[in-house]
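**Student:** My questions will all concern the structure given below.
The values are calculated or read from the model by the stated rules, or taken from the named source; none is laboratory data. This is a predicted model, so every value here is computed, not measured. Cβ atoms come from the backbone with ideal geometry, glycine included; neighbour counts cover every protein chain shown. Quick note on the areas: whole protein, heavy atoms, side chains included, nothing else; ligands and nucleic acids left out. Shrake-Rupley method; radii C 1.70, N 1.55, O 1.52, S 1.80 Å.
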Amino acid sequence: MPKSQAISSALAKRIKLVVLDIDGVFTDGGIYIGLVANHLLEFKRFHVLDGLGVKLLRTVGLSVVLLSGRESEASEARAKEMEVDELLQVAPNKKLATLVDVLARRGLALKDCAYVGDDLADLPVLRAVGLPIAVANAIAEVKAAARYVTSVPGGQGAVREVAERLLKARGEWPGLLAQYFETHHGAGGNR
């Protein structure tokens, strides 16, 4: 049974920090690994819509943190390109403790945080935050823990969908669109 697709205005306005898993959220979960000139390389496919979603969240003053359960140079490159506030690559069982440390440094509480995840390592975080979100391709347990489930899977614009839903619920979407089109004169700007 699908989750409610509404995020209340009161809840959305309480959110100060958006935390996103990477593999399975920004990507479809696939990882390409191969050798080039005898050097191991890893590649991931990211969706351009998600980059603009991150930019829009940051434009309204929301901090964006990427919290991954594995280290990856591809994730580091994408995080740098999107200019996220922080990229944290930790052991999967350290995600919640790491988030609690981030929140303490920022003077925030778990209730002030939205988290988007897809797999077992995300469950402790999803159960603790104010706005737990699952992507459409998440496992059943993650969807059950979520308040909102995206209509599109990770790697297909799910982060952008989350950004739009959150910003619309906060009442910031119309002004943000006007600002975006004024700044970019309707010319792309996706990252």
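**Student:** A12 fails exactly one of the following numbered conditions: (1) at pLDDT 95 or above; (2) outside any helix (DSSP H, G or I); (3) among the hydrophobic types (A, V, I, L, M, F, W, C). What is the number of that condition?
**Tutor:** (2)
**Student:** Of (1) buried (at least 22 other Cβ atoms within 10 Å of the Cβ); (2) in contact with a Pro (Cβ under 8 Å, 6 or more places away or on another chain), V129 satisfies all except one. Which?
**Tutor:** With respect to (1) buried (at least 22 other Cβ atoms within 10 Å of the Cβ); (2) in contact with a Pro (Cβ under 8 Å, 6 or more places away or on another chain), V129 is out only on (2).
**Student:** Sort out which residues of region 65-124 are part of a helix (DSSP H, G or I), under 25 Å from E164 (Cα atoms) and among the hydroxyl-bearing types (S, T, Y), and write them in order of number.
**Tutor:** Of everything in region 65-124, just one residue is part of a helix (DSSP H, G or I), under 25 Å from E164 (Cα atoms) and among the hydroxyl-bearing types (S, T, Y), namely S75.
**Student:** Residue check: is V36 open to solvent by 10 Å² or more (accessible area, probe 1.4 Å) and hydrophobic (A, V, I, L, M, F, W, C)?
**Tutor:** Considered against the rule, which asks whether it is open to solvent by 10 Å² or more (accessible area, probe 1.4 Å) and hydrophobic (A, V, I, L, M, F, W, C), V36 comes out as yes.
Yes or no, residue by residue, for (1) in contact with a Pro (Cβ under 9 Å, 6 or more places away or on another chain); (2) within 25 Å of S9 (Cα to Cα); (3) at pLDDT below 95; (4) not basic (K, R):
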site	(1), (2), (3), (4)
L67	no, no, no, yes
E71	no, no, yes, yes
A91	no, no, no, yes
L96	yes, no, no, yes
V100	no, yes, no, yes
Y115	yes, yes, no, yes
D119	yes, no, no, yes
V159	no, yes, no, yes
L166	no, yes, no, yes
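**Student:** Let me ask another. Somewhere in region 96-105, is a residue touching a Gly at 6+ places or on another chain (Cβ under 6 Å) and charged (D, E, K, R)?
**Tutor:** Taking every residue of region 96-105 in turn, none turns out to be touching a Gly at 6+ places or on another chain (Cβ under 6 Å) and charged (D, E, K, R).
**Student:** I would also like to ask the following. Among the numbered conditions (1) hydrophobic (A, V, I, L, M, F, W, C); (2) modelled with pLDDT under 95; (3) part of a strand (DSSP E or B); (4) touching a Lys or Arg at 6+ places or on another chain (Cβ under 7 Å), tell me where I7 comes up short.
**Tutor:** (3)
**Student:** Continuing with this model, one more query. I need a count of the residues in region 15-43 that are in contact (Cβ under 8 Å) with a residue 60 or more places away in the chain and assigned to a strand (DSSP E or B).
**Tutor:** Count: 4.
**Student:** Given the structure, is F46 among the hydrophobic types (A, V, I, L, M, F, W, C), touching a residue at least 12 places away in the same chain (Cβ under 8 Å), outside any helix (DSSP H, G or I) and farther than 22 Å from L123 by Cβ?
**Tutor:** Against the criterion (among the hydrophobic types (A, V, I, L, M, F, W, C), touching a residue at least 12 places away in the same chain (Cβ under 8 Å), outside any helix (DSSP H, G or I) and farther than 22 Å from L123 by Cβ), F46 qualifies.
**Student:** Which of the residues that make up region 39-54 are out of contact with any helix residue (DSSP H, G or I) (no Cβ under 7 Å at 6 or more places or on another chain) and surrounded by fewer than 20 Cβ atoms within 10 Å (Cβ to Cβ)?
**Tutor:** The answer is H39, L40, L41, R45, V48.
**Student:** Which numbered condition in (1) modelled with pLDDT of 95 or more; (2) aliphatic (A, V, I, L, M); (3) out of contact with any strand residue (DSSP E or B) (no Cβ under 6 Å at 6 or more places or on another chain) is the only one that V142 fails?
**Tutor:** Of everything listed in (1) modelled with pLDDT of 95 or more; (2) aliphatic (A, V, I, L, M); (3) out of contact with any strand residue (DSSP E or B) (no Cβ under 6 Å at 6 or more places or on another chain), V142 misses just condition (3).
**Student:** Which is of a type outside the set (D, E, K, R) and either on the phi > 0 side of the Ramachandran plot or free of Cβ contacts under 8 Å to residues at least 24 places away in the same chain (or both), of A74, A109?
**Tutor:** Residue meeting the stated conditions: A109.
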